[in-house]
1. For segment 166-208, name all the residues that are of a type in the set (S, T, Y), more than 20 Å from L112 (Cα to Cα) and within 25 Å of the chain's Cα centre (by Cα).
2. Taking I48, is it within 25 Å of A2 (Cα to Cα) and outside any helix (DSSP H, G or I)?
3. For residues in segment 209-239 being surrounded by 12 or more Cβ atoms within 10 Å (Cβ to Cβ) and either under 29 Å from the mean Cα position of the chain (by Cα) or of a type in the set (D, E, K, R) (or both), which is modelled with the highest pLDDT?
4. Spot the failing condition for F78; the list is (1) assigned to a helix (DSSP H, G or I); (2) surrounded by fewer than 19 Cβ atoms within 10 Å (Cβ to Cβ), and only one is missed.
5. Answer yes if at least one residue in segment 101-124 is part of a loop (DSSP other than H, G, I, E, B) and at pLDDT below 90, and no otherwise.
6. Which residue, of S53, S7, S67, is part of a helix (DSSP H, G or I) and either without any contact (Cβ under 8 Å) to a residue 12 or more places away in the chain or over 17 Å from the mean Cα position of the chain (by Cα) (or both)?
7. Out of the residues in segment 157-186 meeting the condition of being of a type outside the set (A, V, I, L, M, F, W, C) and closer than 20 Å to N111 by Cβ, tell me which one is surrounded by the fewest Cβ atoms within 10 Å (Cβ to Cβ).
8. Quick one: is S59 of a type in the set (S, T, N, Q), crowded, with 23+ Cβ neighbours inside 10 Å, touching a residue at least 40 places away in the same chain (Cβ under 8 Å) and on the phi < 0 side of the Ramachandran plot?
Amino acid sequence: MALLSVSAMWDEVEISESYLVCCMFEEATILAASILHRVLCTPFEDAIDDVQSDEILVSASMVFIQSMKQLKRTEEIFVELRTLFGSVAAIPVQVFLTGACMQISEGYTSNLGPIFEEFLSKWKLVDDKMYILTDAEPQCSDKGSPKQFVMSPEKYLAVAEVYTITVLGQVFHNLNLAISWTEKAELPEESRQVLHRRLQSLLGAQKLEHAHLSSANGSVQIGDETYPKARRQELQSDENRSIASSLKTAHPSKKIVDQIFWWFDSVRIKVVNVQLVLPRGKKLLFGSLIILAYYILRRRTTTLKRFVARQASAVKGALLDAWQLAFSVQLNPLAAIQQLPSAPQ
């Protein structure tokens, strides 16, 4: 079995990124999937740690899901990722959350609850320091013993926040279920209390809004939460009002997409050897292709600048050598008045 080369894998990742930037989405999807399959199933010939391997997996995965989205196959993202990684829980956190946000933005939310539950239930907290993936199996029959997957509590909490606040609270309007899940979840106690307070605050604000907008017309039940008819009629009756106009022109999932990264101060994206820290917000998703193109072009520009700098340095060195050679002959200022030695008689 041929071993993988780290540099060769990074070269292929860059090619897949170039396909994506050039709108060759089918080619980008095929190459990215091939990279993922080989990295997960074939050992490297070089000494490589899990960090480098994970960076290659994340970069190729981001190309894969963005290409899937552009091919109008957003609904299939987790089906394909499950096949590639062997299980939903083995998908890198950055890729998992980005894929979930893409599906929410396009309205594919019916299966998100079970997907998040599967992801979160497979990780076991050890000494409040790390999570270990249980029941991890090798993605390929010839891979040998399964790799031990670990995750920091911060990453697990990020997934838990999106699940409870966004998926259960914003998509399914079921904050009571979110609070119940948080009370039973395998979370560090401090993190549990913080998340529990946030959910209680959201639930209190929601109830206050419902009480303020309720009227004699009664209310409508949506999921496990109550929404007054007066509120629904207010949004539909007066098209001239600014709120109705904004709701009519905006995508219905816009607010939900914003909530995905609302609880994070920043989001980190690593593309090959470039790490980008973005502020929270929807620009992480809708600008992902632009960001990827920018940093690939910047990387190419940096390489070109280094090449030009090296050439300029070489020319400068050559000129300095020539200059020193030209003026290296020491002139004797007394040569003009010194007598020449007499010729031998």
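The values are calculated or read from the model by the stated rules, or taken from the named source; none is laboratory data. Here the structure is a predicted model, which is why all the values come from computation and not from measurement. Neighbour counts run over all protein chains shown; Cβ positions are idealised from the backbone, glycine included.
1. Narrowing segment 166-208 to residues of a type in the set (S, T, Y): 166, 180, 182, 191, 201.
Those left that are additionally more than 20 Å from L112 (Cα to Cα): 191, 201.
If the condition is that a residue be of a type in the set (S, T, Y), more than 20 Å from L112 (Cα to Cα) and within 25 Å of the chain's Cα centre (by Cα), then S191 is the only one that fits.
2. yes
3. E209
4. The single condition F78 does not satisfy is (2).
5. First, the residues of segment 101-124 that are part of a loop (DSSP other than H, G, I, E, B): 106-111, 122.
Adding the requirement that they be at pLDDT below 90 leaves none.
No, every residue in segment 101-124 fails to be part of a loop (DSSP other than H, G, I, E, B) and at pLDDT below 90.
6. Sole residue among the options that is part of a helix (DSSP H, G or I) and either without any contact (Cβ under 8 Å) to a residue 12 or more places away in the chain or over 17 Å from the mean Cα position of the chain (by Cα) (or both): S7.
7. Top of the filtered list is H173.
8. yes
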